[in-house]
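Before any comments, here is the structure.
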Amino acid sequence: MPVILAVLGALVALSVWYWRFKMMREASGEILDMAQGVRAAARRFAYRRRHNVHPAESVEDARLAAAGIMAAVAQIDAPLSKAEIEGIAAEARRTFNAGHDEAQEIAAFGRWIAGQCGSSDDAVRRLLKAIHRHAEGDVGDELLAMVRRVAAADDNELTEGQEGALATIARSFERSPQTPS
């Protein structure tokens with residue numbers, strides 16, 4: 001009987017270690033994919049980080065800034081979910097007429113640039129400046145609708161913090177945050 005218990009214990013221990021190794025491998029693969037997406041986006045969109053300048057203030061493409069704002073607002077309530085990440089890419093395809101690969105790169109870069117800011121409020125503030133500098137035309141309503149759709153991707157409900165971020169965006173364009181999507 002003790003031999004059977006020892007064998008079962010060893011099998012359970014091996015199973016646990018195998019499962020942990022598998023999870024670490026999958027997580028590292030996701031991190032590597034994101035890093036490759038960020039590098040590809042930086043090349044495609046000619047992103048150049050400037051010395052002694054915050055990375056968000058080096059963004060010269062309004063599409064990348066918008067993706068960063070979408071990511072920042074969506075992660076106010078919790079870390080970005082798969083639905084929110086896919087939502088950012090879908091918005092890039094729909095609004096920016098980006099192809100699949102380009103939309104994935106925009107989404108990856110948006111996640112990265114939002115993460116460089118430390119807080120969602122800081123990301124929204126810094127990236128709104130980039131949009132005002134580089135966007136052509138009146139983009140306020142469109143940006144509000146995109147951010148609202150991505151932030152509501154999981155449960156169709158926005159948190160108080162997300163509503164506050166939408167209000168900040170609306171104020172920067174002098175809009176009502178309740179713009180219909």
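The values are calculated or read from the model by the stated rules, or taken from the named source; none is laboratory data. Worth saying up front: this structure is predicted, and the values here are computed from it rather than measured. As a convention, Cβ positions derive from the backbone with ideal geometry for all residues, glycine included, and neighbour counts pool all protein chains shown. Accessible surface is based on the protein model in full, side chains and every heavy atom, while ligands, DNA and RNA are left aside. Shrake-Rupley method; radii C 1.70, N 1.55, O 1.52, S 1.80 Å.
Out of the residues in segment 98-110 that are of a type outside the set (A, V, I, L, M, F, W, C) and crowded, with 23+ Cβ neighbours inside 10 Å, which is nearest to Q162 (Cα to Cα)? Break it down into steps so the answer makes sense when it comes.
The initial filter retains those residues of segment 98-110 that are of a type outside the set (A, V, I, L, M, F, W, C), namely 99-102, 104-105, 110.
Cutting the leftovers down to crowded, with 23+ Cβ neighbours inside 10 Å gives us 105, 110.
Details: E105: 24, G110: 17 Å.
Among residues in segment 98-110 that are of a type outside the set (A, V, I, L, M, F, W, C) and crowded, with 23+ Cβ neighbours inside 10 Å, the one nearest to Q162 (Cα to Cα) is G110.
Being within 19 Å of S81 (Cα to Cα) and in contact with a Leu (Cβ under 7 Å, 6 or more places away or on another chain) narrows it down to one residue among G110, G161, G118; which is it?
Working: G161 fails: in contact with a Leu (Cβ under 7 Å, 6 or more places away or on another chain); G118 fails: in contact with a Leu (Cβ under 7 Å, 6 or more places away or on another chain).
Result: G110 is the single residue among G110, G161, G118 that is within 19 Å of S81 (Cα to Cα) and in contact with a Leu (Cβ under 7 Å, 6 or more places away or on another chain).
How many residues does segment 117-132 contain that are outside any helix (DSSP H, G or I) and under 15 Å from M70 (Cβ atoms)? Walk me through how you get there before you give the answer.
So the first thing to find is which residues in segment 117-132 are outside any helix (DSSP H, G or I), and the list is 117-119.
From the residues that got through so far, the ones that are under 15 Å from M70 (Cβ atoms) too are 117.
The qualifying residues number 1.
This table checks each residue for (1) open to solvent by less than 10 Å² (accessible area, probe 1.4 Å); (2) touching a residue at least 40 places away in the same chain (Cβ under 8 Å); (3) closer than 14 Å to A62 by Cα; (4) among the polar types (S, T, N, Q).
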position	(1), (2), (3), (4)
F96	no, no, yes, no
I113	yes, yes, yes, no
A135	no, yes, yes, no
D155	no, no, no, no
Notebook entry, point to check: Yes or no: A103 under 13 Å from the mean Cα position of the chain (by Cα) and part of a loop (DSSP other than H, G, I, E, B)?
Noted result: no
